[in-house]
Each structure stands twice: as C-alpha cells, then as structure tokens.
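As structure tokens, the structure follows; a few thoughts come after it.
The values are calculated or read from the model by the stated rules, or taken from the named source; none is laboratory data. All values reported here derive from a predicted model rather than from experimental measurement. Accessible surface areas use protein heavy atoms only, side chains included; no ligands, DNA or RNA. Shrake-Rupley method; radii C 1.70, N 1.55, O 1.52, S 1.80 Å.
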Amino acid sequence: QVQLVESGGGSVQAGGSLRLTCAASGRTFSRYTMGWFRQAPGKEREFVGTVSGSGTMIYYADSVRGRFTTSRDNAKNTVYLQMNSLKSEDTAAYYCAAGIRGIATMAHEYEYWGQGTQVTVSS
C-alpha cells in the first residue's frame, strides 16, 4: 500500500506561482510512476503531468506544458508540481497518484491517490 499526502495548495492571483508537494509512504517509492491530475467543479479528472520512477521521463498536458514542472526526490519519497504563470482556468482540486506503468496519462492507470489540495487562481 502507498499513502499519498498532498500539500501546498492555496489562493493566488493570475500570473502567480505555487508549488504542490506529494509525500509518499513506504520503501518502494522509486518503483512508481507518479502522476498529477486535477478536477474542477462540473468536470472530470484531467491529466496534468507525469514523471517516471527514475525521474527521467516526463510528460505534460498541452494545457500546462511550459508553465508547470513536475519532479521527484526519491530519497525523500516526494514528488513536486511547480506551477508558474497560473491562470484562472487552472483552478481545481489537484491530486497526485502512483502507478506501476512507465508513463501513464489516464486516471485508470494509477493505483493510489492522494486526498487532493485546492488551487484557486483569481483573475
């Protein structure tokens, strides 16, 4: 079992930045692909970005590419999502997830999920 705890959400003006942190339990964190998803009111979960277990393969959704960066520190069992140039359309609950596939962009490919952290961007 993998437990994921997200933090770092909050309210920010458009153009600002936030860094989300996802802390994982267990001793096998480096074996998992980690993903970030978001869900806004009335919408389905949306893929944001993913990083492979080694941190060498990274892929982003078109909507955030160039503005968001995901990274991981396996020594600390932690994954990050640095969000820059935030827009009002980035407002959502953000979730981190862990899965066993090398790279995954679909929610069903992930086994474990955090509780989510709210990001609100005002324009």
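Below are the figures for this structure:
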read-out	value
Accessible solvent surface per residue of the chain, calculated while the other protein chains remain in place, 1.4 angstrom probe, Å²	51 Å²
Computed lengthening from Ala61 to Ala14, 0.36 nm per intervening residue step minus Cα-Cα distance	15.0 nm
Rel. contact order, % - alpha carbon contacts under 8 angstrom, at least six apart, region 1-110	34 percent
